[in-house]
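Colleague: Questions regarding the structure given below will be posed in turn.
The values are calculated or read from the model by the stated rules, or taken from the named source; none is laboratory data. Not measured: the values here are computed from a predicted model. All Cβ positions, even for glycine, are placed from backbone atoms using ideal geometry, and neighbour counts span all protein chains on display.
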């Protein structure tokens, strides 16, 4: 399955497991390679391939030994993991899951688990930043609980979903093309993958109920923000749009997104601004587009942008 995946993106070949582990901690997700896995290991047969693709992280990992790792916290990222060879066991506090070739599952942020690899185990890992999952929930008017967006802990068989299997193969093929580094060409693959993950794995984000008049009002507020994203939108303006009180505006945003209207508007502006940087080749000046979206304090803008996307706006522009 996925033969020669990421063959042009080799980071380590015939390396010590600790070298691979250190790189994973820096670029893929926090974990600890347990001491018993490497105490007596003097073999250098670990392999790692890694490439960024439309702001996702694509990796192929093979330790070459029986190893055990502890994951205490993935921070603000999700992992979609596929076993392509050997077997891998996820040990959670209340259950264990053994995956074999062609099987996959989602790992949520902040989940704690131990993972045991067979000596011949090889995995594909797709690192998905939390913001992309949240963006789709906002687009589909889903309700986000205070615990965040959590996918069901379920093992899926990729060969029973040929469309999903084909999409994964296409993404890995495109990522393997050394000549391809155009973010605009990669974005449709990423967006389709996020939607497929929502189809494959149940989650705790139900759609808004149209039967509730307050929820219909809230949809109108979201639409108004989208249509006037570059304008200076205040809470009073939203109250007038929804024909509700200012207090009700605050209550609706707290109910559905657990943030204030002001924070939601700022985050929406940052997402739209980032998308414009990525897709509009005419943009050459970060200051100009920041002011265009109403960010007059440029230092605070850069700080908020970096906090949300883990890079500066100038870095996004350079990678375009």
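Colleague: Taking the stretch 86-145 only, how many residues are in contact (Cβ under 8 Å) with a residue 24 or more places away in the chain and closer than 30 Å to residue 16 by Cα?
Modeller: 38
Yes/no per residue for (1) under 25 Å from residue 14 (Cβ atoms); (2) in contact with a strand residue (DSSP E or B) (Cβ under 8 Å, 6 or more places away or on another chain); (3) assigned by TED's automatic domain parsing to the domain that holds residue 258:
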| position | (1), (2), (3) |
| --- | --- |
| 87 | yes, yes, no |
| 95 | no, no, no |
| 101 | yes, yes, no |
| 123 | yes, yes, no |
| 130 | no, yes, no |
| 149 | no, yes, no |
| 161 | no, no, no |
| 165 | no, no, no |
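Colleague: Further, regarding this structure: With the checklist (1) at pLDDT 85 or above; (2) surrounded by fewer than 15 Cβ atoms within 10 Å (Cβ to Cβ); (3) outside any helix (DSSP H, G or I) in hand, flag the one item residue 153 doesn't pass.
Modeller: (2)
Per-residue answers, yes or no, for (1) on the phi > 0 side of the Ramachandran plot; (2) in a strand (DSSP E or B); (3) surrounded by fewer than 16 Cβ atoms within 10 Å (Cβ to Cβ); (4) not assigned by TED's automatic domain parsing to the domain that holds residue 307:
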| site | (1), (2), (3), (4) |
| --- | --- |
| 25 | no, no, yes, yes |
| 50 | no, yes, no, yes |
| 70 | no, yes, yes, yes |
| 83 | no, yes, no, yes |
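Colleague: So, one more: Go through the residues of the stretch 246-267 one by one and say whether even a single one is on the phi > 0 side of the Ramachandran plot and at pLDDT below 95.
Modeller: Yes, the stretch 246-267 has at least one match.
Colleague: So for the stretch 198-208 (the condition being in a helix (DSSP H, G or I), within 19 Å of the chain's Cα centre (by Cα), surrounded by 12 or more Cβ atoms within 10 Å (Cβ to Cβ) and at pLDDT 90 or above), does at least one residue qualify?
Modeller: Yes - at least one qualifying residue is present in the stretch 198-208.
Colleague: Modelled with pLDDT under 80 and surrounded by 16 or more Cβ atoms within 10 Å (Cβ to Cβ): does that describe residue 215?
Modeller: yes
Colleague: Something else now. Whether any residue in the stretch 307-314 is in contact with a strand residue (DSSP E or B) (Cβ under 9 Å, 6 or more places away or on another chain) and part of a helix (DSSP H, G or I) is what I want to check.
Modeller: Yes, the stretch 307-314 contains at least one residue that is in contact with a strand residue (DSSP E or B) (Cβ under 9 Å, 6 or more places away or on another chain) and part of a helix (DSSP H, G or I).
Colleague: OK, next. Taking the stated definitions as given, is residue 166 loosely packed, with under 14 Cβ neighbours inside 10 Å, in a loop (DSSP other than H, G, I, E, B) and on the phi < 0 side of the Ramachandran plot?
Modeller: Taking the combined requirement at face value, the residue does not satisfy it.
Colleague: Follow-up question, since we're still on this one. List the pairs whose first member sits in the stretch 160-178 and is touching a residue at least 24 places away in the same chain (Cβ under 8 Å), whose second member is surrounded by fewer than 16 Cβ atoms within 10 Å (Cβ to Cβ) and not in a helix (DSSP H, G or I), and whose Cβ atoms are under 8 Å apart, counting only residues at least 6 apart or on separate chains?
Modeller: Between residues of the stretch 160-178 that are touching a residue at least 24 places away in the same chain (Cβ under 8 Å) and residues that are surrounded by fewer than 16 Cβ atoms within 10 Å (Cβ to Cβ) and not in a helix (DSSP H, G or I), the close pairs are 174/180; 176/4; 176/7; 176/8; 177/8; 178/8.
Colleague: Right, something else. Pairs needed: first member in the stretch 191-217, closer than 29 Å to residue 78 by Cα; second member anywhere, in a helix (DSSP H, G or I) and at pLDDT below 70; C-beta distance under 6 Å; at least 6 residues apart or different chains.
Modeller: Between residues of the stretch 191-217 that are closer than 29 Å to residue 78 by Cα and residues that are in a helix (DSSP H, G or I) and at pLDDT below 70, the close pairs are 208/215; 209/215.
Colleague: Name the single residue, out of those in the stretch 222-236 being without any contact (Cβ under 8 Å) to a residue 12 or more places away in the chain and outside any loop (DSSP other than H, G, I, E, B), that is surrounded by the fewest Cβ atoms within 10 Å (Cβ to Cβ).
Modeller: In this case the residue turns out to be 227.
Colleague: For the stretch 132-147, how many residues are out of contact with any strand residue (DSSP E or B) (no Cβ under 9 Å at 6 or more places or on another chain) and not in a helix (DSSP H, G or I)?
Modeller: So the answer is 4.
Colleague: For the stretch 252-274, indicate whether the set of residues that are more than 25 Å from residue 130 (Cα to Cα) and surrounded by fewer than 19 Cβ atoms within 10 Å (Cβ to Cβ) is non-empty.
Modeller: Within the stretch 252-274, none of the residues are more than 25 Å from residue 130 (Cα to Cα) and surrounded by fewer than 19 Cβ atoms within 10 Å (Cβ to Cβ).
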